Each structure stands twice: as C-alpha cells, then as structure tokens.
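This report refers to the structure that appears directly beneath it.
Every read-out reported here was derived from the displayed coordinates using simple, explicitly stated rules and does not represent laboratory data. Because the structure is predicted, anything quoted here is derived from the model rather than measured. Positions of Cβ are backbone-derived with ideal geometry, glycine not excepted, and every protein chain shown enters the neighbour counts.
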Amino acid sequence: MMKRDECFKALARHISDQVVVATYSSAVEWNEINPRVLNYFSMGAMGLASSHGLGLALARPDKRIVVLDGDGSLLMNLGSLVTIGAVQPKNLVHFVCNNGVYEANGSHPIPNPKVDFSGLARSAGYAACYDFAELPSFEQQIAHVLEQDGPVFGTLHIERTRPLTYDYPTLYAAEKRRALKAELKRTAP
Amino acid sequence: MAAETDEGVSDDVSLSGGQIIAALKQAGVEYVLSVPDIHTSLGLLFPIASDKDLRLIRVCKEDECIGIASGLSYSDKRALILIQYTGFLDSLNAIRAVGVEYKQPICMMVGLLGHEAGKLPSESGRCGVRIIEPICDAMGIQHLLVSDDADIPKIAPAIEVAYAQSKPVTILIGRRPKA
C-alpha cells in the first residue's frame, strides 16, 4: 500500500504539459502537491472524471491526459471504461486511487473493496493495465506508463496520508476553468 | 439507462432528420454522443453513424456524455448529446453540476418518445414527457421544441448561443424524424 501523498509526489515529478483531471480526495491532495494551470477538477458530479478525460483526450490528441479517479467515483461510471475501451484514445492515462472507501463522504467502505479495477479495464479494452501497491515499483515504471500508447489504466493502491481539508470553492473556482481553457487555446496546434 | 421502447407511434407531421443533421453541421457540431433512442433511431442516429463529417461516440450511460462534451468544449470542439428523455432524467445531477453550476456548453437533443401528436409536451399523458420542460425551467436551462420542419431553423442558433454564452440547452424532439 502506498501513501497517497508519496505516490502523487512521485507522479508530479513526471508531469509537465499533461492535463491532469482529478476528482474529490485525489483532487484536493493533488492540488496541494502540484497546483498548476493544467489541472482540471472534476467535482460536483461524482463519477465523471474519466468522461471529462475522454473529452479532453479527443479534443487534443497532441496532449497527454492523466485522470486521477477515485474508487467510489469510478464505480458510479464503470460504463466509461467500456466507452474508453471502444474509442481507444492513445493519449489517455487513467489512474484510479483505490483506498476502498468513500473518503470524501465519511470513509464508508465501497460495496466491494476487493474489486479488481485493472481487470475490469483490461476486459473493457484498455491497451495496458497496471496495479501499483508499492512506491518503488511505481517510481520505476511511471515514466513508461505515462508515455506509452493508451488508453492506459493503473490502479493505485493507496492509503490516506492525513485528513484533508475539502476547499471546494477554491477547486471549483470559475477562474481555474477559464485559465485552463486559455492555456489549452494558447498551446493548440 | 433502460430506455422506453417503441410503441409504434406515428403521425403525418413532417420532420426531416436530414435537415436536423444539416442544422447540426451548420452549428459547427463535430461530435455526437449518444445512447440509442427508438424515437430518433432511424431519422437521426443511423444517418449520423454513417456521416463522415460527424464523429459518433457511443456511450454506455447518458451522463457520460455530459463529461465528454465538457472536456471537448475546453478546446472549442462542439458536441451534440443525442438521448431519450429517460436518459435526460437519469443524468440530471451531471447536467446540474457541469452544465448549470459549472456553466458549460452542454447541448442536448432529447427524444420525447410517446409524445402525442397535436399536444404540447406539457399536455402529454406521459409523465416523463410532461415534466421535461418544467425541469428545464426549474434548472434555468433554455429549451426549444422541434416538432416539424418549420422548427428546424431554431436549432443552429440555439447551439451557437449555448457555446457563445457557455450554458446548456435542451432541444426537444417532439416527433419521430424521418430519414
């Protein structure tokens, strides 16, 4: 099991011009570790992170899109795995942060904490699927995972580092959405 | 969402699927995101599926469309969401969050399966058909009814406004379009 903050810090060292789509607890922790214009916070409609990511990936095939999904969130939108498997966006990397609980809603367990997300993604048609439970393995492979042709799926077996402060107004801020759109426009091919 | 199925509703009103598709192209739509609906299957979805100017993304559940359309909009790519009213109802929280509160240009074309000829949707005997417009009103979502060919010219301007002002719009298809 990886500490989420250590996992995200390792990931951040490999993030440059990718768009990172993050949701709920992952979004809060990611924004603390790596605040940047190219972060896209998918909240308010739980489960849609992967769908937002697919839209971004379709619109900008020149740019890598990295989704930091939640386990409870993805369970609400499992069909998106099949949709993504059919569309086959080569530039989409989809991680699910699996801690087995609805952390943002009281840390109640998800219906089946033993669910094999990577197995589901594999059968849905993702090009490559991984499970990471140890930080050294994640650090060793993350560069390749981010660069290979997608859609790529990775289950990050993580545990909460510390209680998070859910500052939704800051994450939801319209200025963040405008800044992201402006940056995507500025860098459009 | 388990859609309602065909009940063989027919009438003599003319609503051209080809003209609707032309209106979508006029509005700059490149992507159509859809779960099949028997109401728009023959007149819209089959022609769209074979149209080389439009890219059809088939999704498993209608609320996926809301996220995909939002993601596309960040790079000024326009999408139309083609679903049945049952899927619209199933997606209300996503529409509320992404379209209404996030103020994203979410353009929905919603088939009113079972809408009776000669009646307004608000007069329908079907609960699902009857409540769509009041729900849009309550959510502050612009909506328009397309029931015959004379209504089709309203489609492209509505989509243009949605993208220009970054807000959702619901285009209700009151009759079964002809292929």
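Here is how the numbers come out for the structure above:
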read-out	value
Among the listed pairs B:K119/B:K167; B:K25/B:K61; A:K90/B:K61; A:K9/A:K90; A:K63/A:K181, those beyond 19 Å (Cα-Cα)	B:K119/B:K167; B:K25/B:K61; A:K90/B:K61; A:K9/A:K90
Residue (of B:I141, A:M2, B:A179) at the positive-pole extreme of the protein assembly as shown, dipole from beta-carbon charges	A:M2
Shielding of B:89-95 by partner chains, average beta-carbon count, 10 Å	2
Charged-residue dipole, Cβ positions (Lys, Arg, Asp, Glu), chain A about Cα centre, Debye nearest 20	600 debye
Full-stretch length increase - B:V161, B:S122 - with 0.36 nm per residue and alpha-carbon distance subtracted	11.6 nm
Charge-dipole axis of the range A:62-189 as Lys and Arg at +1 and Asp and Glu at -1 on Cβ define it, positive-most pick from A:N91, A:V66, A:Y172	A:Y172
Spin-label pair A:N105/B:I135, simplified geometry with 7 Å Cα→Cβ offset, distance in nm	2.0 nm
Shape of the range A:14-68, Cα gyration tensor, a/c cut at 1.5	oblate
Dipole moment magnitude, nearest 20 debye, the range B:13-89 about Cα centre, only Lys, Arg, Asp, Glu C-beta charged	140 debye
Kirkwood hydrodynamic radius of the protein assembly as shown, from inverse mean 1/r over distinct Cα pairs, in Å	21.0 Å
Simple label model, 7 Å out from Cα along Cβ direction - B:S16 to A:A86, nm	3.0 nm
Only Lys, Arg (+1) and Asp, Glu (-1) charged, at Cβ; the protein assembly as shown dipole about Cα centre in debye	820 debye
Inter-probe distance in nm under a simple model that places probes 7 Å from Cα toward Cβ, at A:S137 and A:T165	3.5 nm
A:I33-A:R186 FRET efficiency (beta carbon distance; Förster radius 22 Å; 0.05 resolution)	0.35
Bridge type composition, the protein assembly as shown - antiparallel percent by DSSP, nearest 5	5 percent
Amide H contacts under 5 Å for A:Y102, placed H, 5+ residues apart	A:S107, A:H108, A:I110
Amide H contacts under 5 Å for B:G111, placed H, 5+ residues apart	B:I83, B:Q84, B:Y85, B:I173
DSSP beta bridge pairing in the range B:2-112, given as percent antiparallel to the nearest 5	0 percent
Where only C-alpha atoms are counted, convex hull volume of the range A:64-177 per residue in Å³	125 Å³
Within chain B, helix-based [θ] at 222 nm, where runs of 4 or more DSSP H residues each add -39,500 (n - 2.57), nearest 500	-8000 deg cm²/dmol
Relative contact order for the range B:85-153, counting Cα pairs under 8 Å that sit 6 or more residues apart, in percent	27 percent
Average beta-carbon neighbours from other chains, 10 Å sphere, peptide A:80-91	3
Cβ-derived FRET efficiency at R0 35 Å, A:Q148 paired with B:D53, nearest 0.05	0.65
Theoretical ellipticity at 222 nm over chain A - DSSP helices of four or more residues, -39500 (n - 2.57) apiece, nearest 500	-12500 deg cm²/dmol
Residues whose placed amide H lies under 5 Å from that of B:I57, excluding near-sequence neighbours	B:V32, B:L33, B:S34
Peptide A:41-50 - average C-beta neighbours from other chains (10 Å radius)	6
Using θ = phi - 60° and Karplus 6.51 cos²θ - 1.76 cosθ + 1.60, couplings along the range A:38-51 (whole Hz; Gly, Pro as x)	7, 8, 10, 9, 9, 9, x, 9, 4, x, 8, 4, 5, 6
